[in-house]
Amino acid sequence: MCLAIPGQIVEIADDRHVAKVEVSGVRRQVNVALLDDELAPGDWVLIHVGFAMSRISAEQAEEQMRLLRMLGEDAEAMAELEGYGFGEDADGRGAGARKADA
Amino acid sequence: MTSEPVTAPNPGRPPAEEADPRRRVRFRDPQIEMAHGAGGKASRRLVEGLFVPLFGGALLDPLGDVAHLEVDGARLALTADSFVVRPLVFPGGSIGELAVHGTVNDLAVGGAEPLALLVTFVLEAGTPGEVVEAEARALAAAAERAGVAVVGGDTKVVEHGKAEGMYVTTAGIGRLDPRLSLSPRSVRPGDRVLVSGPLGDHGITVLLARGDVDLESDLESDTRSVYPLVDRLAEAVGPAVRWMRDPTRGGAATALNELARDAGLGIVLAEEAVPVRPPVRGACELLGLDPLHIACEGQFLAVVAPEAADEALAALRAAPGGGEAALVGEVRESPRGTVLAAASYGGSRVVDMLVGDPLPRIC
Amino acid sequence: MRYVDEFRDPHLIRQAAAEVRRKADPERHYRFMEVCGGHTHSIYRFALEELLPENIELVHGPGCPVCVLPMGRTDDGLALAGRPEVILAAFGDVMRVPGTHGSPLEHKARGADVRMVYSPLDALKLAEREPDRHVVFFAIGFETTAPSTALTLIQAKARGVENFSVYSNHVTIIPAIRAILDSPGMRLDAFIGPGHVSTVIGCRPYAFVAEDYGKPLVVSGFEPLDLLQSIVMLLDQLAEERAEIENQYGRVVPWEGNPAALRAMAEVFELRPYFEWRGLGFISQSALKLRPEYAAWDAEERFDTPGVRVTDPKAAQCGEVLKGVLKPPQCKLFGRECTPERPVGALMVSSEGACAAYYNYVHRRSEAEAAAAARA
């Protein structure tokens, strides 16, 4: 149900239903008939059982990475504050119970 | 559809091996499956549960690929291996080369200098003469490069429809290297695990060459003799080498699980340190396979004492063909009999022995 | 690997995990269900539970299409393989699933012509290469995979390939989620929503989870950072007392889904009135059958199958594990009569199955550690 991998289009066949897609140096013919949009070599698609299911949005991926990087910044800022020794967080919430180290 | 449901038969008795990794296994399987040849648990049941008890326990404990014999003061090593690869020819090699390298490598990682081979062919009637000639040439060339003499053998022909072209078996003899003394029992917590190069090239190459999964790549089999690298390792840090194995069927995971079980210790791999070429990784991600379960035919794993680890790595890296060697893990006291792979962000997972052949998945 | 490695960045994973620990309210015990078996697999493969605080519990859901298939359906497929003219083509996931008389691999070892394929198109190509045989494709999967089967059938019809048919075991995810929510005694706070199914159906179909049941659901990707970010989003929703459907996997999942995929499915498939799911019982309108226009390519129309209902052995608790009521090691057969080598139920076979994931990635270690502790 779930195993789908990002691959990059290297070539599109004349009938526009089949493309050659590359994943980390491995290439496969993939049916792209499920994607209505105009595809071009260089585009990235999600591949599942020999079909392209979705186009991968570089903008969304970059936006997501930006948000993920920011997660850390907040946490680092918090750690700095905690380092000043104010005691508990302003809203009284701690860091959540921690699992014992394995 | 009938209205009365049937209940599936109650499960039978559990396999004896699960509770204690070191307990003797038993072979009670009603029929032979492909899994019995895959190098994982089923193979172990067949070999250790059926063959070992019948053929002579003492000589085979702990079970390695190579037998040691002392004959009038000469310390010899003996091994045999059979080759049933499909297709016969694949990028980077063919069955003829595998037949030489497989046995030469068993001798090398068994601590012996390979000297001579016996080769048996089982040929299928109808196989084109030029196919047989090509393999004979490939085998002869590989033997010459590896510095071993082919001193004899046998040939049989079976009817069309059997042997899929040809099966080859090689038996090899070597001289035990006095610089090396290998045993899982000499492995200690703190010892380091080395690999000679990237994992999985051979297995993925052959899988792709079969054409079932319709993937193309520039990958080639890694088939080669590892003796020159073993030789360098022995010269640099000989007494510090505890154990070696070539990760063929079942991959590095199976070889290391066998070590963990035989030594009664745990092994932790650093997931990111294990070298894997990008196309192997790509194929594994696409098919849902783990590179640690994929066969190599030209690499080996070694466990060395910690104080010798850096020198061992340097010696391999400086040798031709050893440039991608890496330190990939460490032996620990626990969890006993278990191999773990740890990610650098802190999580770790158990790496189990292979169950059956690696099957691509879609889920 | 692009679009994969960035989402496995160890530094960012540590940061995201710290954020989860920061946001989890120590006064609460959270139960989040990940519906999709692929998420279960990721959670174990990347050891994500080790990064979570103890008060966040991940409950494994029934989104593993191999796991929910009752044994009788596997038997029916294997009965087809028993016919001399038939080649049964199936995904690798199916090959070790236990039927009453053994798995497809075991049947193959006894002479049945069972072949593994990576794509339904490969099964169709096989039929074109073997005109004297009949290829039956054993189709499984949720809506992620059904469009691919549909396109393959459309091609088969267009090309007039007569020696090809599909044995459809496609199931749909929404009824399964609803069945979980309606399960008496089920206590869940929120859902980590299916990732790849959503590329086809979009995010709208999950609206009922928030609107009717008041639970948050975040559609999630499969890499460690995706799952951690999804958990952060769920924690935020719960802290703010919101219940919404959110899409964390926006780089791949379009809110409206994939219209071409939905069209292909609608052309080829219709909903069965009901279908039996292991663990969840009979659910109406939850599985796909070929439409009458495609009857010539429907294996169940072309062939008679025994159609015997087979229930799991009484001792097996597959159903409860599928619903998240029991954790794998709590099943009486786990690790004893039921192991990946000798599976009793499909949850121990499928690499997405909760039992297989737990067994392969966790159990061996905790057993070894317990044994070590006992000896100490």
Quiz prompt | Options B:GLY347, B:GLY266, B:GLY329, B:GLY282; residue that is touching a helix residue (DSSP H, G or I) at 6+ places or on another chain (Cβ under 7 Å) and either at positive phi or touching a residue at least 40 places away in the same chain (Cβ under 8 Å) (or both) | solution = B:GLY266
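Could you tell me whether any residue of the stretch C:233-246 is in a strand (DSSP E or B), surrounded by 14 or more Cβ atoms within 10 Å (Cβ to Cβ) and touching a strand residue (DSSP E or B) at 6+ places or on another chain (Cβ under 8 Å)?
The answer is yes; a qualifying residue exists.
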Quiz item: For the stretch C:116-204, which helices (runs of 4 or more DSSP H) that fit wholly inside it have 2 or more residues that are in contact with a strand residue (DSSP E or B) (Cβ under 6 Å, 6 or more places away or on another chain) and either of a type in the set (S, T, N, Q) or more than 28 Å from C:VAL253 (Cα to Cα) (or both)?
Solution: C:120-129, C:146-159, C:197-201
Quiz item: Given the residues B:ALA80, B:ALA58, B:ALA134, B:ALA67, which is the only one that is of a type in the set (A, V, I, L, M, F, W, C) and at pLDDT 95 or above?
Solution: B:ALA134
Quiz item: Got at least one residue in the stretch C:358-371 being modelled with pLDDT of 85 or more, in a helix (DSSP H, G or I) and in contact with a Lys or Arg (Cβ under 8 Å, 6 or more places away or on another chain)?
Solution: yes
Quiz item: What tally of residues in the stretch C:162-193 results from selecting those that are farther than 17 Å from C:ALA287 by Cα and under 16 Å from the mean Cα position of the chain (by Cα)?
Solution: 3
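If I filter the stretch C:81-95 for residues that are among the acidic types (Asp, Glu), crowded, with 24+ Cβ neighbours inside 10 Å and touching a strand residue (DSSP E or B) at 6+ places or on another chain (Cβ under 8 Å), do I get at least one hit?
yes
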Quiz item: In this structure, does C:GLU352 turn out to be under 30 Å from B:ASP352 (Cα atoms), facing chain B (nearest Cβ under 7 Å) and out of contact with any Cys (no Cβ under 8 Å at 6 or more places or on another chain)?
Solution: no
Practice problem: Find the residue count for the stretch C:212-225, including only residues that are closer than 18 Å to C:ARG14 by Cα and touching a helix residue (DSSP H, G or I) at 6+ places or on another chain (Cβ under 6 Å). | Solution: 4
Quiz item: B:PRO21 is checked against (1) buried (at least 18 other Cβ atoms within 10 Å of the Cβ); (2) at pLDDT 75 or above; (3) not charged (D, E, K, R) and fails just one. What number does that condition carry?
Solution: (2)
Quiz item: Which residues, taken from the stretch B:209-226, are touching a strand residue (DSSP E or B) at 6+ places or on another chain (Cβ under 6 Å) and crowded, with 21+ Cβ neighbours inside 10 Å?
Solution: B:LEU215, B:SER217, B:SER221, B:THR223
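One line per residue, one yes/no per condition, for (1) surrounded by 24 or more Cβ atoms within 10 Å (Cβ to Cβ); (2) among the aromatic types (Phe, Trp, Tyr); (3) within 11 Å of another protein chain (Cβ to nearest Cβ):
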site	(1), (2), (3)
B:ALA240	no, no, no
B:ALA255	yes, no, no
B:ILE267	yes, no, no
B:GLU272	no, no, yes
B:PRO279	yes, no, yes
Practice problem: Kindly indicate whether any position in the stretch B:44-55 is acidic (Asp, Glu) and within 13 Å of the chain's Cα centre (by Cα). | Solution: no
Exercise. Could you give me the residue pairs with C-beta distances under 9 Å whose first residue belongs to the stretch C:242-254 and is without any contact (Cβ under 8 Å) to a residue 40 or more places away in the chain, whose second residue is part of a loop (DSSP other than H, G, I, E, B) and polar (S, T, N, Q) wherever it lies, and which are 6+ apart or on separate chains?
Key: C:GLN248/C:SER220; C:GLY250/A:SER57
Exercise. Would you tally the residues in the stretch B:322-363 being assigned to a loop (DSSP other than H, G, I, E, B), aliphatic (A, V, I, L, M) and more than 9 Å from chain C (Cβ to nearest Cβ)?
Key: 3
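The values are calculated or read from the model by the stated rules, or taken from the named source; none is laboratory data. As the structure is a computational prediction, the values presented were derived from the model and not from experiment. Glycine also receives a Cβ, built like all others from the backbone with ideal geometry; neighbour counts cover every protein chain displayed.
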